[in-house]
Amino acid sequence: MLVLKLIQSLIATLHSEGTPGQVAAGIALGSILGLTPLMNLHNAVVFALIVILNVSFPGAMLGWALFVPVGFALDPAFDWIGRRLLLETPGLVPLWTGLANMPVVPLTGFNNTVVLGSLAFALAFWLPLFLTTRWGVARYRTTVADRMRRSRLYQAVTASKVYNLYRLFWPET
Amino acid sequence: MGVPVFRWKAVGPLVLCGALGALTWWLFADRIARRTVETVGTAVIGARVEVRDLALSLRRGSVTVRGLTVASPFRPLENLLQADELVADIDALPLLEKKVAIDRLAAKGLRFRTPRRADGRVGGGSSPLIQQVRQWAGQLQVPALQLATGKITVGQLDPMQLSAPRAAVALAAQADSARRAWSAALQGLDVSATVDSAKRMAERLRGAKPTDLKLLGDARRTLDRVKQTRDRFTGLERSVRDGVATLREGVAGLNEARQRDYAFARGLLKLPALEAPEIGAALFGAAAIERFQSALYWAELARQYIPPGLLPRATPGPKRARRAGTTVRFPRERAYPAFLLRTGELSFQLPGGAAPRTYAARLSGLTSDPALYGRPTTFEASAPGLSAGAMIDHVRSTPHDTAAASLAGIALPGFALPALPVRLEPGQGTVALSFALTGDSVRARWSVTADRVRWARDTAAAAGNRLHDLVWRVVSGIPSLDVSASLGGTLARPRLSVNSNLDRALAARIRAVAGEEIAAAERKVRAQVDSLVERQAAVVRAQVDTLTSDLAQRLGVERTQLDEVQRALEQRLKQLTRLPGVRLP
């Protein structure tokens, strides 16, 4: 069921009226939600950006859903990155000390190895993901989209309730 | 027309979402805070922390906790403390830095060691710190009071473990070797050949004339040879005398080795503990260790959560579906500590007499970062019959933790004496505990005094056991209790000593009654040692005696012969050289 919803979401997103840039930005922002531990203040900021910025909301949800398992799988790597940054790089200690003693910033949980490691990875990964996705969506729409639109799978997906729900959040063009 | 960057129509829903979040916080903040207090408290104490109700008011900057229960990390069905109400005045600004600063805490209705229904220990009391402290306590060996059977038994003696037989064998080998060496030396001297040659020369000199200069020269050379042989013989005699003295010392050493064997064999006797300090340690050592162990647990916990210095501190991250990771704290000078309780006013109850008594105490400067706060944490309580104080000084690099408490006129809990069917009910008395941990050095003392103790006996368990009867007769006549236990040394090498007024009374009485039995057992083990040692010791003694007498006889004979021939030669030469005109050179 989850996989089916993901396919529905993927197809609906790819065939939305949003530009490839909007879809890619949504997926890239959603990937931050998926890659980093959810219950942290920085994810509230990311969520607000997804809502406020004119990016594909379904794309963001898709990016979130796709990158949650990636986040779980990469947790050991994030832990390692965070450990390197927080504990094994003396040059960064003044920065962390300053941030840790500022108002609000400690509420982000940046001083946790997994949070910082995953956030650093997600931010570094954001631009490549955005560019690759934008290129991929554009290419899909010029080559496969028409054939897909005529397929039975597409007909089934667009007829579903999920698609109707998605229409509520489609991006403005 | 370009794509707009902002989705303005989403601002409304976003604000609504924020408002919903705020409403959720307002509705559930108390519950979230309560759960946070329980989770953090449980993680810190190592035992379940429960809160019945928590009211958070950020506007007034106060937190009220009602029905706080902290389970004991050591005892499964006991609470460490319960509090009716705690009211904390908190600074709101540090909360934005994820820090808690409490200006004043008022705790009412604190009660200690109350019973509970379910085990409140985390992991069944097997947290790493508990394990560490138990391992430490394991180093403090408490002798078992071996009065359970009241029997004195003799263990098996292994001849290989005795030193006298080994010494006898070595001495026999030494004597044998000396005998061979001295025989060889005597043969090398060849005294008989020298004597025979001298005798022949003396015969030749009988018919000699003073003018027979060649013969006189030969006689003088023979006399020189005799003298040389005599000198070497004298050296050999000295060597033999020294060697014999060494062998005699060895024989005397056999007796000393036997005394050691007696002591060793006595160690194999399974005697009841008779020395007063051993009885004290056996009776009250476990209770003392339990107190010291608890004190060390809290000191170690303080060191874990109140570390000295300002270096980044890594602790395990929060539990969640994702990996917890490590959370690192970065304290900074002139900033708030992660936790600070400036002043705490505590009101607590302790059992005493007919009704519990209420006491007041004051806690100040409890902080997670003492180097930032710059002052040690102090606790003091003073009231009639109560004196308590504690200091956690982690401001400098070497932590220094001290605590001392003395309570008079309180109801002391009863306990069973180990290995004995006797229970002691101390009634009202005075209990004192002091504990100091500086770096790795530990110093502690626990004492209990009670003037009107009561003794209870488990008659079923004691039936038919003479020593149990004896112990009961002794202790049931003792009206007071005075126990004192001291701990010293380092954490790696702690030393425990315990004594009480029961020790001497029990030791003297048990020794009197069991003395004959013990003496008989000691005689038995001495006989066993003698039977194992004497055979070999007698052989080696005889060997040394024989060697000494043989050598004395042989050396005496040969010395006499040498003396005689030397005298005969000198006499004859003197007669020959007495003639006028002839002078011996």
Residue within the range A:52-60 that is more than 10 Å from every other protein chain (Cβ to nearest Cβ), more than 10 Å from the chain's Cα centre (by Cα) and touching a residue at least 60 places away in the same chain (Cβ under 8 Å) present: yes
So for the range B:384-406 (the condition being within 14 Å of chain A (Cβ to nearest Cβ), surrounded by 15 or more Cβ atoms within 10 Å (Cβ to Cβ), within 38 Å of the chain's Cα centre (by Cα) and not charged (D, E, K, R)), does at least one residue qualify? no
Output the residues belonging to the range A:61-75 that are more than 7 Å from chain B (Cβ to nearest Cβ) and not small (Gly, Ala, Ser). A:Met61, A:Leu62, A:Trp64, A:Leu66, A:Phe67, A:Val68, A:Pro69, A:Val70, A:Leu74
Are any residues in the range A:78-124 surrounded by fewer than 19 Cβ atoms within 10 Å (Cβ to Cβ), at the interface with chain B (Cβ under 7 Å from one of its Cβ atoms) and touching a residue at least 60 places away in the same chain (Cβ under 8 Å), and if so, which ones? A:Val104, A:Leu107
Could you tell me which residue of the range B:312-331 is farthest from B:Arg445 (Cα to Cα), considering only residues that are more than 35 Å from the chain's Cα centre (by Cα) and surrounded by fewer than 16 Cβ atoms within 10 Å (Cβ to Cβ)? B:Ala321
Just to check your reading of the model, which residue among B:Val65, B:Val37, B:Val100, B:Val5 is within 30 Å of B:Ser126 (Cβ to Cβ), within 14 Å of chain A (Cβ to nearest Cβ) and in contact with a strand residue (DSSP E or B) (Cβ under 8 Å, 6 or more places away or on another chain)? B:Val100
Out of (1) part of a helix (DSSP H, G or I); (2) over 15 Å from B:Glu558 (Cβ atoms), what's the single condition that is false for B:Ala208? (1)
(1) closer than 30 Å to B:Glu534 by Cβ; (2) at pLDDT below 85 all hold for B:Val240 apart from (2)
Hey, can you tell me all the residues within the range B:481-498 that are in contact with a helix residue (DSSP H, G or I) (Cβ under 8 Å, 6 or more places away or on another chain) and among the aliphatic types (A, V, I, L, M)? B:Leu481, B:Val483, B:Ala485, B:Leu487, B:Leu491, B:Leu496, B:Val498
crowded, with 16+ Cβ neighbours inside 10 Å and in a helix (DSSP H, G or I): is that true of B:Ala245 in this structure? no
Exactly one of B:Leu340, B:Leu269, B:Leu301 is buried (at least 18 other Cβ atoms within 10 Å of the Cβ) and either more than 10 Å from chain A (Cβ to nearest Cβ) or under 27 Å from B:Leu470 (Cα atoms) (or both), and that residue is B:Leu340
B:Gln228 being without any contact (Cβ under 8 Å) to a residue 40 or more places away in the chain, of a type outside the set (A, V, I, L, M, F, W, C) and assigned to a helix (DSSP H, G or I): yes
B:Arg323 fails exactly one of the following numbered conditions: (1) in contact with a strand residue (DSSP E or B) (Cβ under 6 Å, 6 or more places away or on another chain); (2) within 14 Å of chain A (Cβ to nearest Cβ). What is the number of that condition? (1)
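Residues checked against (1) farther than 20 Å from B:Ser397 by Cβ; (2) without any contact (Cβ under 8 Å) to a residue 40 or more places away in the chain:
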{"site": "B:Leu296", "(1), (2)": "yes, no"}
{"site": "B:Arg303", "(1), (2)": "no, no"}
{"site": "B:Gly309", "(1), (2)": "no, no"}
{"site": "B:Glu333", "(1), (2)": "no, yes"}
{"site": "B:Tyr336", "(1), (2)": "yes, no"}
{"site": "B:Phe339", "(1), (2)": "yes, no"}
{"site": "B:Tyr359", "(1), (2)": "yes, yes"}
{"site": "B:Asp369", "(1), (2)": "no, no"}
Assuming B:Glu290 fulfils every condition listed in (1) surrounded by 16 or more Cβ atoms within 10 Å (Cβ to Cβ); (2) of a type in the set (Asp, Glu); (3) at pLDDT 85 or above apart from one, which condition is it? (1)
Among the residues of the range A:10-31, is there at least one that is touching a residue at least 24 places away in the same chain (Cβ under 8 Å) and either touching a His at 6+ places or on another chain (Cβ under 8 Å) or closer than 13 Å to A:Val114 by Cβ (or both)? no
So A:Phe130 passes all but one of these: (1) in a helix (DSSP H, G or I); (2) modelled with pLDDT under 95; (3) not β-branched (Val, Ile, Thr). Which condition number does it fail? (2)
Can you give me the number of residues within the range B:16-34 that are more than 10 Å from chain A (Cβ to nearest Cβ) and either under 17 Å from A:Phe57 (Cβ atoms) or touching a Pro at 6+ places or on another chain (Cβ under 7 Å) (or both)? 1
Return the total of residues in the range B:478-493 being farther than 22 Å from B:Ala416 by Cβ and buried (at least 19 other Cβ atoms within 10 Å of the Cβ). 1
Selected residue (criterion: surrounded by the most Cβ atoms within 10 Å (Cβ to Cβ)) from residues of the range B:530-585 that are modelled with pLDDT of 85 or more and β-branched (Val, Ile, Thr): B:Val565
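The values are calculated or read from the model by the stated rules, or taken from the named source; none is laboratory data. Here the structure is a predicted model, which is why all the values come from computation and not from measurement. All Cβ positions, even for glycine, are placed from backbone atoms using ideal geometry, and neighbour counts span all protein chains on display.
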